[in-house]
Amino acid sequence: MFTGSLVAIVTPMAADGSLDLAAWDRLLDFHVAAGTDGIVVAGTTGESPALSLEEIDELTRRAVARCRGKTQTIVGCGTNSTADTVARTRTLSRLGVDGVMLVTPYYNKPPQEGLYRHFAAAADVSVVPVILYNVPGRTSVDLLPATVARLARHPQIAALKEATGTQHRTRELVDVCPADFALLSGDDATFVDFVALGGKGVISVTANVAPRRMHEACAAALAGDLASARALDALLQPLHRDLFVEANPVPVKWAVARMGLIGGALRLPLVEMSAAHQETILRAMRTAGIELKDQAA
């Protein structure tokens, strides 16, 4: 169901903070042309905490209309409120998307049983497959493999985006989850190893900047050609690292703006990337062979 290189896509914004829908359409076309295997709307990289439900609805509808038959569209519906997550999932899963993604509830630190009930309640109302999203570095809660295995038995829960980035965790998940349950890396720097251990792909930040190479590296890894996958990934390692010199999505949005695809605006509390890190990102982009449209910026 979910496999390959899926992009955790940035959300283009105008200087006043409003959605830049012309840039959104341009960005979607860019990913379709580059072979991106799926578009994940309103994830962390898309500034989901700063988007209203109405804005997510509009972005999703446009992505579905533009990408249908070309690549998958997935929308982030998760919040730290179960009632709100259920309501969002009920609404957004009916927009023609291929799946919904639900992050672990942040800030309130639920136990494993609370996580299980939270995800099960949202999956009960979804009309499309659900991707769980575990990113403890941001949420301060860790969805453990035993709980993932329980949730994998739900008929609507089809995948997990796992962002811990450790081989030990990957092996645990492969051991306890059904073979048809899609494990997706949420850590670009280790995604080739993740796929080699049994993962089905990656939901990527780097794919915003180097979608073609991410697609090719992931395809090679899935085909068992790890030598080719590692050779392709070696040129991306500086991006995997340096796109996190400041909080995501500040660096990646700056990088995509340098490619001429979007403007560089973010919404508070995020602010523009500091000048001290700009040359670092440019070097990583050049190493990956990215064409720069705005080298003076």
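The values are calculated or read from the model by the stated rules, or taken from the named source; none is laboratory data. Being a predicted model, the structure only gives us computed values, none of them experimental. So basically every Cβ, Gly included, is an ideal-geometry build from the backbone, and we count neighbours across all protein chains shown.
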Could you say which residue among LEU95, LEU51 is free of Cβ contacts under 8 Å to residues at least 40 places away in the same chain and in contact with a Lys or Arg (Cβ under 9 Å, 6 or more places away or on another chain)? LEU95
With respect to the numbered conditions (1) at positive phi; (2) touching a residue at least 24 places away in the same chain (Cβ under 8 Å), which one is the sole condition not fulfilled by GLY69? (2)
So the check is Cβ under 6 Å with 6+ separation or different chains; which pairs have a first residue in the range 11-36 that's surrounded by fewer than 14 Cβ atoms within 10 Å (Cβ to Cβ) and a second one that's not acidic (Asp, Glu)? ALA15/ALA265; GLY17/ARG267
Quick check on this structure: which one of ALA276, ALA257 is out of contact with any helix residue (DSSP H, G or I) (no Cβ under 8 Å at 6 or more places or on another chain), more than 21 Å from VAL40 (Cβ to Cβ) and either charged (D, E, K, R) or outside any loop (DSSP other than H, G, I, E, B) (or both)? ALA276
The correct count of residues that are surrounded by 23 or more Cβ atoms within 10 Å (Cβ to Cβ) and within 21 Å of LEU102 (Cα to Cα) in the range 190-205 is 8
With the condition kept exactly as written, say whether any residue in the range 144-158 is within 20 Å of PRO110 (Cα to Cα), of a type in the set (Val, Ile, Thr) and either surrounded by fewer than 22 Cβ atoms within 10 Å (Cβ to Cβ) or at pLDDT below 95 (or both). yes
Would the range 210-233 turn up any residue that is farther than 21 Å from VAL32 by Cβ, buried (at least 22 other Cβ atoms within 10 Å of the Cβ) and either of a type outside the set (A, V, I, L, M, F, W, C) or under 14 Å from the mean Cα position of the chain (by Cα) (or both)? yes
Which is surrounded by fewer than 24 Cβ atoms within 10 Å (Cβ to Cβ), modelled with pLDDT of 95 or more and under 29 Å from ILE290 (Cβ atoms), of ASP187, ASP175? ASP187
The lone condition LEU239 fails out of (1) more than 20 Å from GLY186 (Cα to Cα); (2) in a helix (DSSP H, G or I); (3) touching a helix residue (DSSP H, G or I) at 6+ places or on another chain (Cβ under 9 Å) is (1)
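Yes or no, residue by residue, for (1) out of contact with any Leu (no Cβ under 7 Å at 6 or more places or on another chain); (2) among the β-branched types (Val, Ile, Thr); (3) within 19 Å of ALA158 (Cα to Cα):
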| residue | (1), (2), (3) |
| --- | --- |
| ASP37 | no, no, yes |
| SER48 | yes, no, no |
| THR60 | no, yes, no |
| VAL64 | no, yes, no |
| ARG68 | yes, no, no |
| MET101 | yes, no, yes |
| TYR116 | no, no, yes |
| ALA121 | yes, no, yes |
Per-region count, the range 270-294, residues closer than 16 Å to MET13 by Cβ, exposed (fewer than 14 other Cβ atoms within 10 Å of the Cβ) and in contact (Cβ under 8 Å) with a residue 60 or more places away in the chain: 0
Taking the range 109-143 on its own, how many of its residues are over 18 Å from the mean Cα position of the chain (by Cα), under 23 Å from LEU6 (Cα atoms) and surrounded by fewer than 16 Cβ atoms within 10 Å (Cβ to Cβ)? 1
Note on the range 67-94: residues surrounded by 19 or more Cβ atoms within 10 Å (Cβ to Cβ), touching a strand residue (DSSP E or B) at 6+ places or on another chain (Cβ under 9 Å) and not hydroxyl-bearing (Ser, Thr, Tyr) are CYS67, GLN72, ILE74, VAL75, GLY76, CYS77, GLY78, ARG88, LEU92
Scan the range 188-221 for residues that are over 24 Å from GLY46 (Cβ atoms) and touching a Ser or Thr at 6+ places or on another chain (Cβ under 7 Å) and jot them down. LEU197, ALA220
